[in-house]
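The values are calculated or read from the model by the stated rules, or taken from the named source; none is laboratory data. Quick caveat, the model's predicted, so the values are computed rather than measured. Methodologically, a virtual Cβ is constructed for each residue, glycine included, from the backbone with ideal geometry; neighbour enumeration extends over all protein chains shown.
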């Protein structure tokens, strides 16, 4: 279904529509994208509506290349040939109905006339994607109307009539946690390699272009991890260490499989949560090379499952996607280690450095199990009251958070949020899923441990600020009733789609 995805998400604008059936069968129609000046850019995916009611798909350039990669990857990971959706079409009641028959069922997409015989608009009202002939265009007035209509159709009206609550103290999110360099443009000068000395992050990124390489046929292993997981007492120590270590996120996935993933840090040592804990610098200037280009992720799945539950996962084997891009997977006992490594250099240098560092870390832990807390990085434990600190992130409505708490026993924390004046729950499903972590704990209630979170509040629009009450809830592993650890009020805004 990937090649039909664009049709699955298209929607229409609310222009005044008129006109008879366009000449559908005379030439190809293309998935297209209108610009604000009226020019419509056609993609490299075209559709020919045959007179017998069938549809022929044609692809050129990058679209053809991506399709070839898709069917090759599908075959390699499933052992089956990719079956393209069987498409048919019908024009009735002034609408073009395209039906896609797939292995998962039947899907219908409807387009309507725009009054221009060269342009067809999706019937719904959310996206800027349409069907058009090559060379078709809007007038500037039509383009302006189109953009306005789609914007209004997508606009979230949740906060239109909300006001900041009176007589309620609202904290404001801290500024973004370090504007890290995600691109190679001149506007970004900092890099993830500016990490605390002797940290996992510093060791891994310092290996790019100069570290030891890992051969294609190398047997990957973390022996100390395997040994600790084989003994119940050592395993318990490992889990408490990971939960209390701020640079590890110990968390359950949606299927409740337990995972530990590495956080990267700011130069000051504060953990920097991101979406799915991928860390990267990408070069956007093709004429120049940045000092550091990479993409990296390090995950341990203790249930033996890959964290990504997409249909082509888990693939429990090492996969070389190119000479400089690797997905390394191997088992330590029943735990599946999964490392994504992409740089401009061959040899999996980041993977090699990550394996060496982690073996050293867990070997030290194995030898010092009674004093495991002394192996935590400086600043891992605070003394005082629990706290929830929100940070603005790359766009309004997207937040990172540091939660300092100590529930006194092993268990999982997560966030709830409510608009204050009406008590409306906010982003219920996504917020809980994104913020579930196994929190650090000890028998000393004065000690507070840090865990990181990254989430989006969807209600409202940018610059529509309102009051939200965030609650931290704890679910003990012992089976006891879940309980609220703390709450804190914040002035927030929603994310504009």
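Only one of these is closer than 27 Å to residue 158 by Cβ and free of Cβ contacts under 8 Å to residues at least 12 places away in the same chain: 424, 429. Name it.
Values: 424 fails: free of Cβ contacts under 8 Å to residues at least 12 places away in the same chain.
It is 429.
Just one of 144, 153, 149, 159 is surrounded by 13 or more Cβ atoms within 10 Å (Cβ to Cβ), touching a strand residue (DSSP E or B) at 6+ places or on another chain (Cβ under 6 Å) and either assigned to a helix (DSSP H, G or I) or modelled with pLDDT of 90 or more (or both); which is it? Don't jump to the end; show me each part of the working.
Details: 144 fails: touching a strand residue (DSSP E or B) at 6+ places or on another chain (Cβ under 6 Å); 153 fails: touching a strand residue (DSSP E or B) at 6+ places or on another chain (Cβ under 6 Å); 149 fails: touching a strand residue (DSSP E or B) at 6+ places or on another chain (Cβ under 6 Å).
Just one listed residue meets the conditions, 159.
Just the residues that are in contact with a strand residue (DSSP E or B) (Cβ under 8 Å, 6 or more places away or on another chain) and closer than 30 Å to residue 268 by Cα, please, taken from the range 219-240.
Passing the criteria: 222, 225, 239.
Conditions tested, residue by residue: (1) in contact (Cβ under 8 Å) with a residue 24 or more places away in the chain; (2) under 31 Å from the mean Cα position of the chain (by Cα).
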site: 39; (1), (2): yes, no
site: 65; (1), (2): no, yes
site: 82; (1), (2): no, yes
site: 92; (1), (2): no, no
site: 96; (1), (2): yes, no
site: 105; (1), (2): no, yes
site: 130; (1), (2): yes, yes
site: 133; (1), (2): yes, no
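Name every residue in the range 346-394 that is closer than 25 Å to residue 177 by Cα and either in a loop (DSSP other than H, G, I, E, B) or free of Cβ contacts under 8 Å to residues at least 40 places away in the same chain (or both), in order of residue number.
Of everything in the range 346-394, those that are closer than 25 Å to residue 177 by Cα and either in a loop (DSSP other than H, G, I, E, B) or free of Cβ contacts under 8 Å to residues at least 40 places away in the same chain (or both) turn out to be 376, 377, 378, 379, 380, 384, 385, 386, 393, 394.
Take the residues in the range 274-307 that are modelled with pLDDT under 85 and loosely packed, with under 14 Cβ neighbours inside 10 Å; name whichever of them is farthest from residue 239 (Cα to Cα).
Ranking the candidates gives 287 first.
Here is a list of conditions, (1) outside the structural domain of residue 266 (by TED's automatic domain parsing); (2) in contact with a helix residue (DSSP H, G or I) (Cβ under 8 Å, 6 or more places away or on another chain); (3) surrounded by 18 or more Cβ atoms within 10 Å (Cβ to Cβ), and residue 365 meets all of them except one; can you say which number that is?
Only one criterion in (1) outside the structural domain of residue 266 (by TED's automatic domain parsing); (2) in contact with a helix residue (DSSP H, G or I) (Cβ under 8 Å, 6 or more places away or on another chain); (3) surrounded by 18 or more Cβ atoms within 10 Å (Cβ to Cβ) is unmet by residue 365, namely (1).
Is at least one residue of the range 76-95 in a helix (DSSP H, G or I), modelled with pLDDT under 90 and either surrounded by 16 or more Cβ atoms within 10 Å (Cβ to Cβ) or not assigned by TED's automatic domain parsing to the domain that holds residue 142 (or both)? First the steps, then the outcome.
Here is the first cut: in the range 76-95, the residues in a helix (DSSP H, G or I) are 76-78.
Pick out the ones that are also modelled with pLDDT under 90 and you get 76-78.
When the remaining residues are screened for being either surrounded by 16 or more Cβ atoms within 10 Å (Cβ to Cβ) or not assigned by TED's automatic domain parsing to the domain that holds residue 142 (or both), the result is none.
Within the range 76-95, not a single residue is in a helix (DSSP H, G or I), modelled with pLDDT under 90 and either surrounded by 16 or more Cβ atoms within 10 Å (Cβ to Cβ) or not assigned by TED's automatic domain parsing to the domain that holds residue 142 (or both).
Could you figure out which of (1) in contact with a strand residue (DSSP E or B) (Cβ under 8 Å, 6 or more places away or on another chain); (2) farther than 20 Å from residue 359 by Cβ; (3) assigned to a loop (DSSP other than H, G, I, E, B) isn't true of residue 195?
(2)
Examine the range 244-263 for a residue that is at pLDDT 95 or above, out of contact with any strand residue (DSSP E or B) (no Cβ under 9 Å at 6 or more places or on another chain) and exposed (fewer than 15 other Cβ atoms within 10 Å of the Cβ), and state whether such a residue exists.
There is no residue in the range 244-263 that is at pLDDT 95 or above, out of contact with any strand residue (DSSP E or B) (no Cβ under 9 Å at 6 or more places or on another chain) and exposed (fewer than 15 other Cβ atoms within 10 Å of the Cβ).
Give the residues of the range 438-482 that are closer than 20 Å to residue 177 by Cβ and out of contact with any helix residue (DSSP H, G or I) (no Cβ under 8 Å at 6 or more places or on another chain), sorted by residue number.
Here is the first cut: in the range 438-482, the residues closer than 20 Å to residue 177 by Cβ are 439-440, 448-457, 462, 468, 470, 472.
448, 450, 452, 462, 468, 470, 472 - these are the residues of the range 438-482 that are closer than 20 Å to residue 177 by Cβ and out of contact with any helix residue (DSSP H, G or I) (no Cβ under 8 Å at 6 or more places or on another chain).
What number of residues within the range 17-75 satisfy the criterion of being crowded, with 17+ Cβ neighbours inside 10 Å, closer than 30 Å to residue 145 by Cβ and either modelled with pLDDT under 90 or not assigned by TED's automatic domain parsing to the domain that holds residue 120 (or both)?
1
Name the residue, out of 417, 400, that is under 20 Å from the mean Cα position of the chain (by Cα) and outside the structural domain of residue 266 (by TED's automatic domain parsing). Spell out how you get there, then give the answer.
Numbers: 417 fails: under 20 Å from the mean Cα position of the chain (by Cα).
The conditions single out 400.
Kindly list the number of the only condition in (1) within 22 Å of residue 402 (Cβ to Cβ); (2) not assigned by TED's automatic domain parsing to the domain that holds residue 294 that fails for residue 265.
Just one mismatch for residue 265, condition (2).
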